[in-house]
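Heads up: the structure comes next, in structure tokens.
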Amino acid sequence: MQQPQPHLLRIGDFSRLAQISISALRHYDELGLLKPAQVDRFTDYRYYALEQLPRLNRILALKDLGLSLDQIKQLLDRTIDRGVPPQTLREMLAAKQAEIAVQLREEQARLGRVEARLRQIEHEDDPPVKFDVVLKPMAAQTVISTRFVVPHLSQMEEHRQLALRRVYAWLAQNNDKYKMEPYGNEVFQYFNEGWTEDDIDTAAGVALDAKVARTILADNAITKADITVAKIAAAPEVASVMYQGRVWDIPLVISNLYIWIANNSYYSVGPIREVHLLWRECQIDEESLVLFEIQIPVAHE
């Protein structure tokens with residue numbers, strides 16, 4: 001029997017060391033991706049060298065990137081003299097990591113929507129949830145805000161919080177001059193005409209004292225194009241619901257408010273307004289119980 005060199009490992013030991021199955025190593029051998037360092041001509045035992053680990057790690061990394069084994073072989077054969085540079089692999093893996101993270105967020109959002117639909121189906125025969133809807137006039141309100149478009153519903157949380165952080169950063173930088181603390185309620189508006197999961201036109205802001213707002217505007221203090229001080233127009237009548245629950249209950253409240261609007265012969269005439277009462281979105285988690293108000297400007301048919 002041919003004796004292996006001392007630094008060579010039998011296929012089983014190399015398999016355990018590299019954390020890859022023996023069948024995969026045999027398959028890589030058949031494809032010419034990773035040939036054993038030595039094969040016993042009498043027993044056909046395969047032996048691998050420790051020096052082959054870097055090539056194997058590159059094969060596995062490229063496979064995780066989604067490349068086929070044929071593509072990997074072509075890539076490694078083209079770079080056989082120097083191998084795939086570690087920096088190139090790091091960049092490729094980082095890009096793949098970001099892609100997977102996006103996919104996970106989208107699938108998590110999809111799971112949430114499936115769960116919500118299941119809850120709706122399970123409770124289709126239940127009496128409707130009772131919300132205390134109030135019709136009232138709404139005075140104009142001055143806010144410092146930023147308007148943005150959320151590419152997809154699954155990205156709503158991160159875009160909301162990024163927008164609010166921009167607004168609060170400006171407030172913190174200018175509070176000593178304009179004495180704006182304590183800050184007013186957070187106010188969101190949604191401008192799309194109908195339901196959409198893509199390109200959600202949104203504004204996020206913080207209510208301001210009207211006198212302070214006039215001073216800021218007179219000083220031309222707003223220098224960032226994506227932050228504005230402006231009035232939310234008054235509404236002769238809004239349908240309003242005050243609700244205490246999780247922030248992710250907001251769509252439930254909105255949908256039930258529209259049911260009330262339909263049942264009472266009204267129709268919406270302006271963007272949905274979401275007002276946070278006594279809490280800040282960036283300071284809570286998704287399970288926190290919070291108090292908020294949903295307002296929809298309406299007119300009677």
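Filter segment 154-170 down to the residues that are of a type in the set (A, V, I, L, M, F, W, C) and either open to solvent by 50 Å² or more (accessible area, probe 1.4 Å) or farther than 30 Å from residue 109 by Cβ (or both) and list them by number. Result: 162, single match.
Considering only residues in segment 188-229 that are among the small types (Gly, Ala, Ser) and buried (at least 17 other Cβ atoms within 10 Å of the Cβ), the one that is farthest from the chain's Cα centre (by Cα) turns out to be 213.
Determine, yes or no, whether residue 268 is under 14 Å from residue 296 (Cα atoms), modelled with pLDDT of 90 or more and not basic (Lys, Arg). Show your work before the answer.
Working: under 14 Å from residue 296 (Cα atoms): yes; modelled with pLDDT of 90 or more: yes; not basic (Lys, Arg): yes.
It is true that residue 268 is under 14 Å from residue 296 (Cα atoms), modelled with pLDDT of 90 or more and not basic (Lys, Arg).
If the condition is being of a type outside the set (A, V, I, L, M), open to solvent by less than 70 Å² (accessible area, probe 1.4 Å) and under 14 Å from residue 26 (Cα atoms), then segment 38-64 contributes 38, 46, 47, 48. What number of residues within segment 197-227 are farther than 30 Å from residue 134 by Cα, modelled with pLDDT of 90 or more and assigned to a strand (DSSP E or B)? Adding up the residues that qualify gives 1.
Restricting to segment 245-292, name every residue that is in a loop (DSSP other than H, G, I, E, B), under 18 Å from residue 194 (Cβ atoms) and among the basic types (Lys, Arg).
Applying the first criterion (in a loop (DSSP other than H, G, I, E, B)) to segment 245-292 yields 246, 264-265, 269-271, 278-280, 284-289.
Narrowing the set further to residues that are under 18 Å from residue 194 (Cβ atoms) leaves 269-271.
Across segment 245-292, there are no qualifying residues.
Considering only residues of segment 5-26 that are under 25 Å from residue 77 (Cβ atoms) and without any contact (Cβ under 8 Å) to a residue 12 or more places away in the chain, which is most open to solvent (accessible area, probe 1.4 Å)? Selected residue: 19.
What number of residues within segment 283-301 are in contact with a strand residue (DSSP E or B) (Cβ under 9 Å, 6 or more places away or on another chain) and open to solvent by less than 50 Å² (accessible area, probe 1.4 Å)? Going through segment 283-301 one residue at a time, the tally reaches 10.
The values are calculated or read from the model by the stated rules, or taken from the named source; none is laboratory data. Everything quoted here is computed from the prediction, not taken from an experiment. In this analysis, Cβ positions are derived from the backbone assuming ideal geometry, glycine residues included, and neighbour counts consider all displayed protein chains. The area values use the complete protein model at the heavy-atom level, side chains included, leaving out ligands, DNA and RNA. Shrake-Rupley method; radii C 1.70, N 1.55, O 1.52, S 1.80 Å.
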